[in-house]
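Okay, structure first, notes after.
The values are calculated or read from the model by the stated rules, or taken from the named source; none is laboratory data. Bear in mind the structure is a predicted one, so any value in this text is a computation, not a measurement. Note: ideal-geometry Cβ built from the backbone for every residue, glycine included; neighbour counts use all protein chains shown. For accessibility, only protein heavy atoms count, side chains too; no ligands or nucleic acids. Shrake-Rupley method; radii C 1.70, N 1.55, O 1.52, S 1.80 Å.
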Amino acid sequence: MIELKDVHKSFGRVEVLKGITASVQKGEVVCIIGPSGSGKSTILRCINGLESYDRGEIGIEGLKVDRDAPSIVNIRTQVSMVFQRFNLFPHRTALENVIEGPLFVKKEPRAQAFERGRALLARVGLAEKADVHPPQLSGGQQQRVAIARALAMQPKAILFDEPTSALDPELVGEVLNVMQRLASEGMTMVIVTHEIAFAREVADRLIFMRDGVVVEEGPARQVIDNPQEAATRAFLSHFHRTGALPPATTAS
Ligand SMILES: Nc1ncnc2c1ncn2[C@@H]1O[C@H](COP(=O)(O)OP(=O)(O)OP(=O)(O)O)[C@@H](O)[C@H]1O
Ligand SMILES: [Mg+2]
């Protein structure tokens, strides 16, 4: 469903993606892990056209992703994104946030959008919060609203960029549970995360990135339990020892 071929991307003189080749099948859950600055967010942003890339090709169901082509509007409705910091409209209720895309981008009839919006909020465990504004919700609740909003576009895939990193530890579980449920329902998902245990449990495949390249990839359990590359081993062992991310790699 998502295909990256030798994707290169520079910011100024710094090449941050140095030839990324990867693919995601329909229904697959792929987690991307790696040190800060390795290019994880940039990949997600290139996949749904928030960012342009310089060389190589990204395709979604055979359609080329080109940030500057008219087709990008179509691609963005098919590939939703969930960010670390929720990005909800504070002056709109949870329900209004969820139905924004269906109403204004997809031109869905109002009654239908409201009904689907309520059902989606129920699906993420927030049926009672439909009329509440985001500042009155916990971080975990806000992120679940953001997931409902992503689902409201009936996307073919959802990209998650560290969806739980901004949350207090006790709120991480409720968001991961919703994501795990989506995965088991067959949603195609690409997840940048530092939740290694979650990745091991939920991901079909794991990609370890460092300094703009894919260092290692494979079945999630295999890569986490038995990493083949020294860099992967170092990253994971730091994680297991300290429960924290290793310091950022210096740009080479
Ligand atoms: N808009 C930008 N302009 C200039 N440099 C950028 C921009 N966005 C990202 N970069 C640089 O590109 C590199 C990759 O950034 P990216 O955000 O993709 O890393 P990441 O793996 O997501 O890191 P983190 O784990 O900290 O989120 C970094 O060195 C970053 O400073
Ligand atoms: Mg990032």
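The single residue among LEU50, LEU63 that is among the aliphatic types (A, V, I, L, M) and out of contact with any Leu (no Cβ under 9 Å at 6 or more places or on another chain) turns out to be LEU63.
For the residues VAL192, VAL223, VAL214, the requirement of being within 16 Å of ligand 1 (Cβ to nearest atom) and touching an Asp or Glu at 6+ places or on another chain (Cβ under 9 Å) singles out VAL192. Across segment 122-172, the qualifying residues are those that are under 17 Å from the mean Cα position of the chain (by Cα), part of a helix (DSSP H, G or I) and basic (Lys, Arg), and the one among them that is nearest to HIS194 (Cα to Cα) is ARG144.
The set of residues from segment 5-46 being away from ligand 1 (no atom under 14 Å from the Cβ) and either in contact with a Ser or Thr (Cβ under 8 Å, 6 or more places away or on another chain) or not hydrophobic (A, V, I, L, M, F, W, C) (or both) comprises LYS5, ASP6, GLY19, THR21, SER23, VAL24, GLN25, LYS26, GLY27, GLU28, VAL29.
Against the test of being surrounded by 21 or more Cβ atoms within 10 Å (Cβ to Cβ), away from ligand 2 (no atom under 16 Å from the Cβ), closer than 21 Å to THR188 by Cα and not hydrophobic (A, V, I, L, M, F, W, C), the options ARG144, ARG116 yield a single qualifying residue, ARG144. Scanning segment 1-14 for residues that are open to solvent by 70 Å² or more (accessible area, probe 1.4 Å) and either over 16 Å from ILE58 (Cα atoms) or touching a Leu at 6+ places or on another chain (Cβ under 7 Å) (or both) turns up PHE11, GLY12, ARG13, VAL14. Of all residues in segment 180-202, exactly one satisfies the criterion of being open to solvent by 10 Å² or more (accessible area, probe 1.4 Å), touching a helix residue (DSSP H, G or I) at 6+ places or on another chain (Cβ under 7 Å) and not in a helix (DSSP H, G or I), namely GLU195. Out of all the residues in segment 7-44, which are on the phi < 0 side of the Ramachandran plot, modelled with pLDDT of 95 or more and within 12 Å of ligand 2 (Cβ to nearest atom)? Hits for segment 7-44 are VAL16, ILE32, ILE33, SER38, LYS40, SER41, THR42, ILE43, LEU44. Against the list (1) surrounded by 20 or more Cβ atoms within 10 Å (Cβ to Cβ); (2) polar (S, T, N, Q); (3) away from ligand 2 (no atom under 16 Å from the Cβ), the condition ASN74 fails is (1). The test for being open to solvent by 30 Å² or more (accessible area, probe 1.4 Å), at pLDDT 90 or above and assigned to a helix (DSSP H, G or I) does not hold for GLU217.
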